[in-house]
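So the structure is just underneath, and the comments pick up after that.
The values are calculated or read from the model by the stated rules, or taken from the named source; none is laboratory data. Just so it is clear, the model here is predicted, and its values are computed rather than measured. Here the Cβ positions follow ideal geometry from the backbone for every residue, glycine too, while neighbour counts run over all protein chains shown. Calculation scope for accessible area: heavy atoms of the full protein, side chains included, ligands and nucleic acids excluded. Shrake-Rupley method; radii C 1.70, N 1.55, O 1.52, S 1.80 Å.
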Amino acid sequence: MGPSVLYTENLILQVENELKAGEVLDLYKRNKIIFDKYEPTRPSDFFTKDYHIAHLRGEFNAYKSGTFLRYYIYMPYRTDRVIGSVNFNIRQGKSDRYAEIGYKLDLLYQGRGFAYEACYNGISVMKKYYSIRTIAAYIAPDNSPSIKLAKKLGFKKIRSNDRLASVNGCNIFLDLYALDTFFKTKKKTKKLSL
């Protein structure tokens, strides 16, 4: 199990439980229009606090069992407001475990390197604490900001149209990008504050 809190250069990354359901719900409500474009089709009760209480409880249990890690992102001066998240689903492949990454950031904080900083530090945790060598990212072909971020982190496109996903009630194909953490070091000077 990785650390539950990380202090990076500009951010606080923290694993949360159901006590933060209201703040997480607020993040989704504030960013509904931009998140809906690339998020999976949601259940009808998604925009309720009860849904997020149950979901955060499940996430926390999966974190404790070592199969999932989601860091919610905060600014150090505003720890009552969730501004995004980076998550990793840890899976068993044919020979090794690997992780699938997902990330999102509040529109007001985009374009300042915060998503890169959160993902970079989360990837470092996957490598150090979970011994994850390969990280996969499934990205919609028209999601240019996400593709740009993945490439900056060192991900390479492996296959087009690799996975079918339901987004906003429509089926779309996602492209597979992968990162081999053994060779990943685009940013050499940053140290984790663990």
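Taking every DSSP beta bridge that has both residues in the range 62-162, what percent is antiparallel when rounded to the nearest 5?
Around 85 percent antiparallel, to the nearest 5.
Pull up the DSSP beta bridges for the chain and report the antiparallel fraction as a percent, rounded to 5.
90
Through the Karplus equation 6.51 cos²θ - 1.76 cosθ + 1.60, θ set to phi - 60°, convert the phi angles of the range 36-47 into ³J(HN,Hα) values in whole Hz; use x for Gly and Pro.
So the J values, rounded to whole Hz, are 4, 4, 10, 7, x, 4, 9, x, 4, 9, 4, 8.
Specify the inter-centroid distance of the range 11-43 and the range 45-59, based on alpha-carbon positions, in whole Å.
Centre-to-centre (Cα) distance: 10 Å.
Of the residues 135, 34, 101, which exhibits the maximal mean-square fluctuation in a Gaussian network model of the chain defined by a 10 Å Cα contact cut-off?
Maximum fluctuation in the GNM of the chain, among the listed residues, is at 34.
Please give the charge dipole size of the range 38-191, origin at the Cα centre, charges +1 on K and R Cβ atoms and -1 on D and E Cβ atoms. Round to the nearest 20 debye.
860
Along the range 66-76, what does the Karplus equation 6.51 cos²θ - 1.76 cosθ + 1.60 (θ = phi - 60°) give for ³J(HN,Hα), rounded to whole Hz, x for Gly and Pro?
In residue order, the calculated couplings are x, 10, 7, 9, 10, 9, 7, 9, 10, 7, x Hz.
Hey, what's the range 1-63 come to in accessible area per residue, 1.4 Å probe, Å²?
About 53 Å² of surface per residue is accessible.
Taking H as built 1.01 Å from N, whose amide H comes closer than 5 Å to the amide H of residue 66, not counting residues under 5 places away?
It is none; the list stays empty.
Which far-off residues, 5 or more places away or on another chain, put their amide H under 5 Å from the one on residue 106, with H placed in the peptide plane?
Here 84 satisfy the definition.
Heavy-atom accessible area per residue, the range 87-171, 1.4 Å probe: how many Å²?
Ligands and nucleic acids excluded, the result is 53 Å² per residue.
When all alpha-carbon pairs of the chain are counted, what percent fall beyond 24 Å?
In whole percent, the long-distance tail amounts to 37.
With a 1.4 Å probe and all protein chains left in place, how much of the accessible area of the chain comes from carbon and sulfur atoms, in whole percent?
Ligands and nucleic acids excluded, carbon and sulfur reach 52 percent.
From the residues 167, 102, 79, which one has its Cα farthest along the dipole of the chain in the positive direction, the dipole being from +1 and -1 charges on Cβ of Lys/Arg and Asp/Glu about the Cα centre?
102
Which values of log₁₀ I(q)/I(0), to two decimal places, follow from the Debye formula for the range 68-162 at q = 0.13 Å⁻¹ with a uniform point scatterer at every Cα?
-0.46
Rank 1, 75 by accessible area, highest first, at a 1.4 Å probe radius?
So the residues, ranked largest to smallest area, are 1, 75.
Using a Gaussian network for the chain with springs between C-alpha atoms less than 10 Å apart, which of these wobbles most: 57, 70, 112?
Maximum among the listed residues: 112.
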